[in-house]
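The values are calculated or read from the model by the stated rules, or taken from the named source; none is laboratory data. A quick note: this is a predicted structure, and the numbers were derived from the prediction, not measured. Glycine gets a Cβ as well: all are built from the backbone with ideal geometry, and neighbour counts include every protein chain shown. Heavy atoms of the whole protein, side chains included, go into the accessibility calculation; ligands, DNA and RNA do not. Shrake-Rupley method; radii C 1.70, N 1.55, O 1.52, S 1.80 Å.
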Amino acid sequence: MSKKLLVLNQQDVLIKKLFSSSFLTSYKITPQEQVEIYKDLAFTQANTSRKSINKAKSIRFVCDDEKIINRFENKIFYADIISQILETYLFGLNVFELNWDYKDGFYYPELIQRDFRNFKFENNELKFSDNGVFIDIPKGKIVYALYESSAFFPYGDALLPKLYWAVKLKQASIRFWSSFQEKFGSPWVIAKTDANPEEIAIEVHAMLSGDTAAIGKEEEITLIQPTSTQNDFHSLVDFLDNCIRSAILGGNLSSQVDGGSFAAAQTHNDVRKDLANADLHLLLFVINKVLEHFKEINNYSGELYAELEPENDIKSELAQRDSIIYNMGFDLSEDYIKDTYGVQGSKREINYMYPNKKDTIDATPKNANSTLIPNVFNKPIDTIDATLESKTYKDLSQKYDNDLKIELEKVLANSSSYEEAYEILNNAGYSNEDVETALNNALVNISIKGACDD
């Protein structure tokens with residue numbers, strides 16, 4: 001098999017050949033060239049960032065049999081398989097072979113990713129291509145996903161060929177600049193003399209090796225640094241890196257912020273999440289296709305499907321808006337709360353911490369005692385606040401005050417002065433603050449009684 005060469009005519013340039021090359025289809029990119037693209041650091045960063053959004057989410061398998069759920073979660077759809085499915089956007093067509101193995105009373109599949117270049121469509125049916133010969137694939141043997149396929153892109157709109165020229169041009173630029181720096185980047189030593197040039201050349205060579213050269217007054221040695229403009233090279237590499245990131249993430253501010261506002265970066269991050277959500281739909285599609293084959297092969301009639309685990313995010317911005325609307329006097333229905341915030345379970349009656357607390361009634365909205373939304377105005381700040389307001393603590397505190405009052409009356413009756421009474425109560429274990437309060441109350445009561453007697 002003869003190897004085709006890319007020949008450059010005298011008037012041609014590399015970029016022209018890259019744009020007009022037949023490599024702009026994913027089937028023309030060889031596995032070796034695909035590996036070269038995967039080695040690019042900008043590609044690696046962007047690809048990891050796009051997949052990380054969905055890797056952080058949880059897939060929930062719905063089934064009555066816990067053994068089946070554990071098998072699919074831990075043995076079949078593990079991290080590497082999930083990562084391979086999420087890369088469908090790169091290939092357009094992503095094919096997985098299903099090898100079935102009998103375990104614990106069921107036939108379970110093992111997913112193995114296959115090279116998409118070995119599969120072709122014939123009459124809208126995917127077949128294995130063996131050197132141009134189409135071979136039918138048994139039912140339940142493969143499962144595949146297509147990324148944005150259409151009449152113009154029957155094998156999906158792959159991103160890999162769109163990244164090819166950017167990565168190749170970047171690699172060629174780096175190789176050229178590295179060779180240029182290696183060849184012309186070292187400083188040149190130039191010696192001027194009216195004597196024998198060969199003699200001073202030997203002295204300069206020895207000097208560069210670490211020795212010392214002695215020259216006459218009329219001779220001169222100059223060290224010349226190569227001068228060049230690096231801005232063009234840096235600008236080209238930055239431009240290509242931004243192209244790679246923008247193609248994968250839908251924008252560069254989510255991965256490389258050189259300037260701009262927070263709002264612009266947030267917008268680009270939202271675009272990145274939208275693209276990741278499209279990958280997530282493909283992931284769920286592949287998983288549920290595998291589960292369909294599992295049910296059919298095992299004649300399993302029970303419920304079995306995969307869905308996205310509800311997020312724990314309370315949607316704080318929306319919750320703040322709903323809180324304002326609620327405080328304006330509008331009640332929110334139970335169905336709205338469940339659908340909007342993904343709340344599971346049934347509504348129960350709320351036991352309020354302070355149902356009879358009068359000092360907060362005036363500051364509480366008219367509908368704050370609704371049984372649907374808890375009264376946030378009467379909740380304790382922390383566990384200490386809750387303890388101080390509990391019935392048990394209040395009973396103990398009241399008993400303590402009564403005991404102190406009785407003890408104070410006894411001490412006052414047997415003391416010659418308030419200072420003596422104060423010292424006796426302190427020695428009895430009462431705190432200074434409690435004793436002072438009790439004495440002040442006693443003095444006030446005595447003053448009031450004296451005024452009444454007068």
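The figures follow:
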read-out	value
Accessible-area value, Tyr326, 1.4 Å probe, nucleic acids and ligands omitted, Å²	20 Å²
Relative contact order (%) - criterion: Cα under 8 Å, at least six apart; region: region 74-170	31 percent
Charge tally in the Cβ shell below 14 Å around Ser26, where Lys, Arg are +1 and Asp, Glu are -1, Ser26 excluded	-1
Accessible surface of Asp339 - all protein chains present, 1.4 Å probe, nearest 10 Å²	130 Å²
Heavy-atom SASA rank of Phe285, Phe106 (probe 1.4 Å, accessible area, largest first)	Phe285, Phe106
Area accessible to solvent at Arg245, 1.4 Å probe radius, in Å²	40 Å²
Segment Ala201-Phe176, extension gain: residue separation times 0.36 nm, minus the distance between their alpha carbons	5.9 nm
Placed amide H near Ile59: partners under 5 Å, 5+ positions off or other chain	Glu309
Sorted peptide list for 112-118, 318-324, 419-425, criterion being average Cβ within 10 angstrom, highest first	419-425, 112-118, 318-324
Solvent-accessible surface ranking, highest first, for Lys192, Lys273 at 1.4 angstrom	Lys192, Lys273
Residue pairs, from the table Lys28/Lys168; Lys51/Lys273; Lys139/Lys289; Lys39/Lys162; Lys39/Lys120; Lys57/Lys103, whose Cα atoms sit over 18 Å apart	Lys39/Lys120; Lys57/Lys103
At 1.002 mPa s and 20 °C, Stokes diffusion of region 92-134 via Kirkwood alpha-carbon radius, µm² per second	178 µm²/s
Förster radius 56 Å - calculated FRET efficiency between Glu125 and Asn327 (Cβ-Cβ, nearest 0.05)	0.40
Gained length - Tyr336 relative to Trp188, 0.36 nm times residue gap less alpha-carbon distance	45.6 nm
Cut-off 11 Å (backbone N to label point 7 Å along Cα→Cβ of Lys28), residues of region 91-126	none
Solvent exposure, largest accessible area first (probe 1.4 Å, DNA, RNA and ligands not counted), of Val35, Val167	Val35, Val167
Region 72-143 - convex hull of the alpha-carbon atoms, volume per residue in Å³	100 Å³
In sequence order, calculated HN-Hα J values of region 37-53 (Karplus, 6.51, -1.76, 1.60; Hz; x Gly/Pro)	5, 5, 7, 5, 5, 5, 5, 4, 5, 5, 5, 5, 5, 5, 6, 5, 4
